[in-house]
Amino acid sequence: MTDLDDIRQMATRFFDAIEAGDIETMQNSFSPDAAIWHNTDELIVTPAQTAQTLTAMTARIKDREYAERRLTVFPGGFVQQHVLKGRRVHDDGEVRLPCAIVCKVANGKITRLDEYFDSAHVAEFRKFANA
């Protein structure tokens, strides 16, 4: 198996875990000192903070799917474009968030994740964040 195969498998496992609500596997995909950056707020957060955010997200969105996955791996990382789809738990409304994720990987763990969402889609999603 090549390093690229390892990265591809790790990336697939990472997104499959989030889709399934397996926050522990998702969090274990990061190195302990990983940096996670979001374009929508330009903050850098930790894996533990990301786990909290995704725990809340999985509680509010059912039938989650990372649809239209386009995964490209390269030495030292990967890029994935996808559309997060699902249904809001409180009203069964549709969720659709196109996204691009760029990750650096070392020793089988994500060391940096840069997340890019369209701000208009995020604004619509956040209308229901506390519902």
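Every number in this text was worked out from the coordinates using simple rules, so none of it is lab data. A quick note: this is a predicted structure, and the numbers were derived from the prediction, not measured. Reconstructed Cβ throughout: ideal geometry from the backbone, glycine too, with neighbour counts over all protein chains shown.
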Sorted largest first, extent of the chain alpha carbons per principal axis (Å): 45, 27, 26
Ranked packing of 87-95, 5-13, most packed first, by mean Cβ within 10 Å: 5-13, 87-95
If R0 = 30 Å, then Arg8 and His90, at their Cβ-Cβ distance, give a FRET efficiency to the nearest 0.05 of 0.25
